[in-house]
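The values are calculated or read from the model by the stated rules, or taken from the named source; none is laboratory data. Quick caveat, the model's predicted, so the values are computed rather than measured. Neighbour counts run over all protein chains shown; Cβ positions are idealised from the backbone, glycine included.
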């Protein structure tokens, strides 16, 4: 199973529900953990190594260089069909990070468990950071040098290094028995580059040598299938056996994922997915729902709806809803006509949400296109589009979920979760009407309060610092650059420019589905009570 991360926000999600058939109305998915504002993510890793202590095994980490300079770590556990997790904490509630540096120039990247079981990472240390053009062109910027670190556990021995260079195919297959998943990954990657016929024949021999009653047998069969998949030469009887008979639901789910990704080569794949849709485990059913989304047939849609007869699961329901949304033209008429007997109460609820989102999205889409087009529209047309959006109504509860997923990295409502890098949005509906709320999201630079305008400071050494001024005295300025407050003596300031732009990024409206934009508007328009922020 894959965890996919957003490099900018460092939010991480289970990739199966997100990777079905794509369509413009796809809604947001809950993240697997609250990253507590730590961003961005410059590479991530699961900590699976015999070199590390037992209590660290299977934790998740990523490289962070803004809110902290280091590697926070998170637990992950099964959550029905999907996963959920939390940041690892000390007894006093403070973060128990894997690595934290006080050096603001430390910029870790791409952490990976190495062949010796230690955690290796790059460090593109640079005094000049940022995306501005002058930062990129500054002659003091180092484009060549960096550092490589190895994080070890001083109380445990390193693992005997297992490498892939110049190893035979049989030796590489034997590496599938290693504990460290990174070693197995590298061996599979090396086997991808070896001659196909040699690899496929060796897999058959290797599988025959395994103890079928061993505790690792299901996983090892998956390893074989993944290697075969990399050569597009799937052993279909093996695939069917793993998908239907494996004791481990993770193995059955993996087999379903493989048959979907290789669906053009698998005989009777739709029938196999219909069977998997009735599996007892929600993770397998989620994979089946993802797979069914690619089949534009009434049979596939009926199978999706029949899945609602199994116990409810957030991840399964999300995947069903978006699979139906991507294929609405296939089932909409029959459902409205009552020709789908599989549609019980739960299916009806899911379908109603899909149709509602489809209708709301269809109503909002042309207006959003007019406002977000790369070709600027006349002001009259833009005003008309904003007015039309403001007149649409959404779901305030769904809007709250969308706000939590997309906005709390910079905003709060009252004393709720989030950060106050931008305005606290408690009482925003008293300060703005619906059209102004639409405008503030679409064009955050249209009207910016003085205290939230970005300030550019150029020091006497020629170094640029951009951010929000959070405090000022007669002798110094304190500026928050998105990482941490930084104090600059006024005597060291060469130039200070208050920029007529918001610190909120443009294009935020493009990161949500059209229907979600309306739900978010509904939530913000309901915030009519001022709440004093916590101190």
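Taking the criterion of being touching a helix residue (DSSP H, G or I) at 6+ places or on another chain (Cβ under 8 Å) and farther than 27 Å from residue 390 by Cα, would at least one residue in segment 345-354 satisfy it?
Yes; the residues of segment 345-354 include at least one that is touching a helix residue (DSSP H, G or I) at 6+ places or on another chain (Cβ under 8 Å) and farther than 27 Å from residue 390 by Cα.
Considering only segment 334-355, I want to know if a residue exists there that is within 26 Å of the chain's Cα centre (by Cα), loosely packed, with under 13 Cβ neighbours inside 10 Å, without any contact (Cβ under 8 Å) to a residue 24 or more places away in the chain and under 23 Å from residue 26 (Cα atoms).
Checked against the condition, which is being within 26 Å of the chain's Cα centre (by Cα), loosely packed, with under 13 Cβ neighbours inside 10 Å, without any contact (Cβ under 8 Å) to a residue 24 or more places away in the chain and under 23 Å from residue 26 (Cα atoms), segment 334-355 yields no hits at all.
Name every residue in segment 284-311 that is over 25 Å from the mean Cα position of the chain (by Cα) and under 21 Å from residue 345 (Cβ atoms), in order of residue number.
To start, the set of residues in segment 284-311 that are over 25 Å from the mean Cα position of the chain (by Cα) comprises 295-303, 305-311.
Answer for segment 284-311, where residues must be over 25 Å from the mean Cα position of the chain (by Cα) and under 21 Å from residue 345 (Cβ atoms): 301, 302, 303, 305, 306, 307, 308, 309, 310, 311.
Against the condition modelled with pLDDT of 80 or more, buried (at least 19 other Cβ atoms within 10 Å of the Cβ) and within 29 Å of residue 357 (Cβ to Cβ), how does residue 518 come out, does it pass?
Spelling it out, residue 518 is indeed modelled with pLDDT of 80 or more, buried (at least 19 other Cβ atoms within 10 Å of the Cβ) and within 29 Å of residue 357 (Cβ to Cβ).
Residues in segment 141-157: is at least one under 25 Å from residue 65 (Cβ atoms), assigned by TED's automatic domain parsing to the domain that holds residue 59, part of a loop (DSSP other than H, G, I, E, B) and touching a helix residue (DSSP H, G or I) at 6+ places or on another chain (Cβ under 7 Å)?
yes
Of the numbered conditions (1) under 31 Å from the mean Cα position of the chain (by Cα); (2) more than 30 Å from residue 139 (Cβ to Cβ), residue 467 fails exactly one; give the number of that condition.
Every listed condition holds for residue 467 apart from (2).
Considering 360, 326, 321, which residue is at pLDDT below 90 and buried (at least 20 other Cβ atoms within 10 Å of the Cβ)?
On inspection, the qualifying residue turns out to be 360.
Given the conditions (1) touching a helix residue (DSSP H, G or I) at 6+ places or on another chain (Cβ under 7 Å); (2) over 30 Å from residue 329 (Cα atoms), which single one is not true for residue 29?
Only one criterion in (1) touching a helix residue (DSSP H, G or I) at 6+ places or on another chain (Cβ under 7 Å); (2) over 30 Å from residue 329 (Cα atoms) is unmet by residue 29, namely (2).
Residue-wise test of (1) modelled with pLDDT of 85 or more; (2) closer than 30 Å to residue 318 by Cα; (3) assigned to a helix (DSSP H, G or I); (4) assigned by TED's automatic domain parsing to the domain that holds residue 138.
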residue	(1), (2), (3), (4)
377	yes, no, no, no
390	yes, yes, yes, no
398	yes, yes, yes, no
401	yes, yes, yes, no
412	yes, yes, no, no
416	no, yes, no, no
440	yes, yes, yes, no
454	no, no, no, no
467	no, no, no, no
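Residues of segment 442-452 being in a loop (DSSP other than H, G, I, E, B), touching a strand residue (DSSP E or B) at 6+ places or on another chain (Cβ under 8 Å) and either free of Cβ contacts under 8 Å to residues at least 24 places away in the same chain or surrounded by 17 or more Cβ atoms within 10 Å (Cβ to Cβ) (or both), which ones?
Across segment 442-452, the qualifying residues are 444, 448.
Regarding residue 161, is this residue loosely packed, with under 15 Cβ neighbours inside 10 Å and within 21 Å of residue 217 (Cα to Cα)? Even if it seems obvious, please write down each step before you answer.
Numbers: loosely packed, with under 15 Cβ neighbours inside 10 Å: yes; within 21 Å of residue 217 (Cα to Cα): no.
Here the answer is no, as residue 161 does not meet what is asked.
Testing residue 332 on (1) in contact with a helix residue (DSSP H, G or I) (Cβ under 7 Å, 6 or more places away or on another chain); (2) more than 17 Å from residue 270 (Cα to Cα), one condition comes back false. Which one is that?
Failed condition: (1).
So which residues in segment 418-431 are more than 20 Å from residue 469 (Cα to Cα) and either assigned by TED's automatic domain parsing to the domain that holds residue 39 or free of Cβ contacts under 8 Å to residues at least 60 places away in the same chain (or both)?
431
Can you tell me which of (1) part of a loop (DSSP other than H, G, I, E, B); (2) at pLDDT 95 or above; (3) surrounded by fewer than 21 Cβ atoms within 10 Å (Cβ to Cβ) is the one residue 279 doesn't meet?
Unmet for residue 279, out of (1) part of a loop (DSSP other than H, G, I, E, B); (2) at pLDDT 95 or above; (3) surrounded by fewer than 21 Cβ atoms within 10 Å (Cβ to Cβ): (3).
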